[in-house]
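Visitor: Could you have a look at this structure, given as structure tokens, before my questions?
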Amino acid sequence: MNKIIKAEDIFDKISILIEQARKKVATTINQEMILLYWNIGKTIKEEIIKSKRAEYGEKIVQSLTALLVQRYGRGFSKRNIWYMIQTYEAYPILQSLLGEFKDLSWTHTITLIPIEDKLKRQFYATLCSKEQWSTRTLQERIRTMLYERTALSKLPEKTIEMQLLELKEKDKMTPELTFRDPYVLDFLELSDTYSEKDIEKAILNALEKFILELGKDFYFVARQKRITLDDIDYYMDLVFYHRELRCFVVIDLKLDKFRAEYKGQMELYLRWLEKYEMRQDENPPIGIILCTEKGKEQIELLFLPEDRIRVSKYLTKLPQKELFSEQLHKAMQTAQVQLKKESTCRSVF
């Protein structure tokens with residue numbers, strides 16, 4: 001008996017072909033644009049800025065820009081021309097540029113080029129490509145200093161390079177790339193006084209933005225998940241599942257500074273999930289305790305990372321950029337000093 005062919009079945013197959021073709025066309029166009037703009041930057045750098053007429057370089061670029069805009073439009077404005085020059089200066093070897101910005105548009109590229117730190121620029125380019133950020137999302141990630149808020153930024157340079165390479169080539173996501181400290185939750189628009197319930201409600205109302213802050217591989221599972229032990233009810237504030245890490249992630253929200261007893265509560269949740277929810281092919285669950293302050297000494301004494309528990313601050317309002325930057329860079333320096341001490345101790349013993 002002949003199988004009945006439905007239009008919907010053919011439609012699905014053709015839709016896949018169309019989407020694949022569109023993606024290839026978009027990628028090709030982006031690469032050709034970046035190639036063109038790199039060559040323009042190279043030509044201007046070599047013919048004008050490096051020539052004997054260097055003192056007239058800016059004046060010549062201004063005249064050149066006027067001619068280009070007149071014939072080819074505003075895409076060749078003075079500002080864009082200088083972006084092209086900066087792109088060539090940052091990546092004098094073309095293959096390095098195409099390799100790093102392979103799946104990104106020119107607007108993504110010019111957002112990233114001004115970042116002087118190569119590792120930081122590589123981090124944003126890799127995450128942007130993996131999670132398919134829009135230019136607006138990329139700008140927001142840079143504004144809230146996502147790189148500095150990851151544990152990755154506090155590791156040695158070679159380790160950072162290795163993890164970014166593995167993410168790019170093998171799609172391997174690590175905890176250092178996944179978790180942040182602090183988490184910026186300014187989009188929740190909370191009032192000056194709020195409760196844990198208010199935070200939960202605001203998160204659910206802005207779940208898409210909250211997951212964007214966590215990372216794209218997080219999937220929402222439950223709110224106030226009830227478990228009963230010895231006839232006592234306990235409630236997990238928020239439960240997510242991380243696809244790449246292949247594990248549950250429990251988030252416990254606190255309105256105050258971290259306290260030692262919060263560890264025991266989180267351990268209980270993780271042990272329960274490990275016993276009753278975790279499958280054989282999954283990794284043990286991870287806990288995140290979000291507090292207004294961390295309590296450094298308690299965290300060090302409790303060896304929380306070894307118990308798959310992370311403590312992070314959360315900010316409901318983003319501080320002034322200079323102050324925020326200073327705080328994060330101090331945290332990075334402290335972590336790097338601690339890593340060196342631990343490395344020295346290991347080599348001694």
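Every read-out reported here was derived from the displayed coordinates using simple, explicitly stated rules and does not represent laboratory data. These numbers come from a predicted model, not from an experiment. As a convention, Cβ positions derive from the backbone with ideal geometry for all residues, glycine included, and neighbour counts pool all protein chains shown.
Visitor: What share of the DSSP beta bridges in the chain is antiparallel, in percent to the nearest 5?
Guide: That works out to approximately 55 percent antiparallel.
Visitor: May I ask you to evaluate 6.51 cos²θ - 1.76 cosθ + 1.60, the Karplus curve with θ = phi - 60°, for each residue of segment 111-116 and list the ³J(HN,Hα) values in order in whole Hz, giving x for glycine and proline?
Guide: 6, 8, 4, x, 6, 6
Visitor: Can you compute the FRET efficiency between PHE11 and GLN132 using 1/(1 + (r/R0)^6), with r the Cβ-Cβ distance and R0 = 25 Å? Round to the nearest 0.05.
Guide: FRET efficiency, PHE11 to GLN132: 0.55.
Visitor: Compute the longest continuous run of the chain that contains no exposed GluC sites (Glu not before Pro); treat a site as exposed when its DSSP state is not H, G, I, E or B and it has at most 13 other Cβ atoms within 10 Å.
Guide: The answer is 190-349.
Visitor: Next up: Please report, in cubic angstrom per residue, the volume enclosed by the convex hull of the alpha-carbon atoms of segment 190-297.
Guide: Each residue corresponds to 119 Å³ of Cα convex hull volume.
Visitor: Sticking with this structure for a sec: For segment 72-121 and segment 232-285, what is the centre-to-centre distance using only Cα atoms, to the nearest Å?
Guide: Going from one Cα centre to the other spans 42 Å.
Visitor: Relative to the present Cα-Cα distance, how much length would full extension add between ARG271 and GLU293 at 0.36 nm per residue of separation?
Guide: 5.4 nm
Visitor: If you plug each phi of segment 287-295 into the Karplus form 6.51 cos²θ - 1.76 cosθ + 1.60 with θ = phi - 60°, what whole-Hz ³J(HN,Hα) values come out, in order, with x for Gly and Pro?
Guide: For segment 287-295, the Karplus-derived couplings read x, 10, 9, 9, 10, 6, 9, 8, x Hz, x marking Gly and Pro.
Visitor: Still on this structure: Scan around THR150 for amide H atoms under 5 Å from its own, H built in the peptide plane at 1.01 Å from N, and keep only partners 5 or more places away or cross-chain.
Guide: Here the answer is ASP181, since their amide H atoms fall under 5 Å of that of THR150.
Visitor: Right, another one. Taking amide hydrogens as modeled 1.01 Å from N in the peptide plane, which residues meet the under 5 Å criterion relative to VAL249, leaving out close sequence neighbours?
Guide: HN-HN under 5 Å from VAL249: PHE240, TYR241, HIS242, ILE286.
Visitor: Per the Cauchy relation, a quarter of the hull surface: what is the mean projected area of the convex hull of the alpha carbons in the chain, in nm²?
Guide: 28.3 nm²
Visitor: Whose amide H sits under 5 Å from the amide H of LYS294, counting only residues 5 or more places off or on another chain, with H placed in the peptide plane?
Guide: Amide H to amide H, under 5 Å and 5 or more residues apart or across chains, LYS294 pairs with PHE258.
Visitor: Report the label-to-label distance for LYS118 and LYS209 in nanometres (one decimal), using points 7 Å from each Cα along the Cα→Cβ vector.
Guide: 3.7 nm
Visitor: Ok, one more. Run through the DSSP bridge list for segment 179-318 and note the antiparallel percent, rounded to the nearest 5.
Guide: Counting only bridges with both partners in segment 179-318, antiparallel ones make up about 55 percent.
Visitor: Tell me, what is the FRET efficiency for LYS321 and ALA26 to the nearest 0.05, using R0 = 25 angstrom and their Cβ-Cβ distance as r?
Guide: In this case the efficiency is close to 0.15.
Visitor: Kindly provide the chymotrypsin sites (Phe, Trp or Tyr not before Pro) of segment 167-267 that DSSP labels as loop, not H, G, I, E or B, and whose Cβ sees at most 15 other Cβ atoms within 10 Å.
Guide: Answer by residue number: TYR194.
Visitor: Using R₀ = 35 Å, calculate the FRET efficiency as 1/(1 + (r/R₀)^6) where r is the Cβ-Cβ separation of THR334 and ILE232; round to 0.05.
Guide: Between THR334 and ILE232 the formula returns 0.35.
Visitor: Right, here's the next one. For segment 219-273, what class follows from the C-alpha gyration tensor (a ≥ b ≥ c being the square roots of its eigenvalues): rounded when a/c is under 1.5, otherwise prolate if a/b is larger than b/c, else oblate?
Guide: oblate
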